[in-house]
Amino acid sequence: MTGLFILFTLEGNNEGMDRDKGRGEKGAGGGRKGVGGEERGREEGQMIGRSLVDMQRHVLRILFAVAILCGIKETFSLGLRADRQCISNRAQSFHGRTDWAKAVAKRNLDAGDWKCNLFVAEVLEACYLQVPNRWWWFSPIGANEWANPSSTYLSGCWETCSSSNTQEGDVLAIAGNGGSGHVGIVTVPNSMTTSATRYRVEESDWGFRYDQSPTCWRYNC
């Protein structure tokens, strides 16, 4: 058995050597064709390499565009949160102030006029945000208009929201008879609002009491 294995192995090696010899003779005879084949091979390899590079560049462009869009979306989201936070912070910063008291004349309102709507407007103005006005000049809408969920003055940057799921900077309003409604700014979500009352700016649970159903507006620009 061992002898037969060695014999078959030797014969196989000899056959392999004969084949290699034949290939060598053919290769020697077709040298020019080999050179031409190598050139074509190099050209094809270069074309494939260029295609791969172009594909990689295309993929990188797509990834770069996606990254930019994601960054814009995140920046926009951060901007919204910053605007609402500004509304809340500004409202709280006026706590205790009497500038909007009923007995005080301020801007276009006389002493004896309620000024909760003017307080909201000036907080928005201090944050450089869109103030809903009745006309193109400074003429802020009243509390009853804030309480109207279909208000045509509250458009563009303003959207209605759920009064049971508020965020800082939301505006809550409740209509009243004879234009004596009230409007305030959410400074503690689902808990507290800050608004101009008869004597001063106060923070309270107004708008979240069990017997109240305010209209909620949220700034979304």
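Say we look at segment 164-201 and pick out the residues that are closer than 23 Å to LYS106 by Cα, out of contact with any strand residue (DSSP E or B) (no Cβ under 7 Å at 6 or more places or on another chain) and modelled with pLDDT of 95 or more; which of these is surrounded by the most Cβ atoms within 10 Å (Cβ to Cβ)?
Result: ALA196.
Tally time: how many residues in segment 132-153 are out of contact with any strand residue (DSSP E or B) (no Cβ under 6 Å at 6 or more places or on another chain) and of a type in the set (A, V, I, L, M)?
1
Could you tell me how many of the residues in segment 108-128 are surrounded by fewer than 18 Cβ atoms within 10 Å (Cβ to Cβ) and out of contact with any Lys or Arg (no Cβ under 8 Å at 6 or more places or on another chain)?
Counting residues in segment 108-128 that are surrounded by fewer than 18 Cβ atoms within 10 Å (Cβ to Cβ) and out of contact with any Lys or Arg (no Cβ under 8 Å at 6 or more places or on another chain) gives 4.
Of all residues in segment 114-152, which are over 26 Å from the mean Cα position of the chain (by Cα) and of a type in the set (Phe, Trp, Tyr)?
TRP114, PHE119, TRP135, TRP136, TRP137, PHE138, TRP146
Please count how many residues of segment 144-197 are among the acidic types (Asp, Glu), touching a Phe, Trp or Tyr at 6+ places or on another chain (Cβ under 7 Å) and assigned to a loop (DSSP other than H, G, I, E, B).
Adding up the residues that qualify gives 1.
Given the criterion at pLDDT 65 or above and in contact with a Pro (Cβ under 9 Å, 6 or more places away or on another chain), identify the matching residue among LEU129, LEU124, LEU109.
None of the other options fit; the residue is LEU124.
Please specify each residue of segment 92-106 satisfying the condition of being in contact with a strand residue (DSSP E or B) (Cβ under 9 Å, 6 or more places away or on another chain) and under 12 Å from LEU118 (Cα atoms).
ASP99, TRP100, ALA101, LYS102
The values are calculated or read from the model by the stated rules, or taken from the named source; none is laboratory data. These figures come from a predicted structure and were not determined experimentally. Here Cβ is always computed from backbone atoms with ideal geometry, including for glycine, and neighbour counts include all displayed protein chains.
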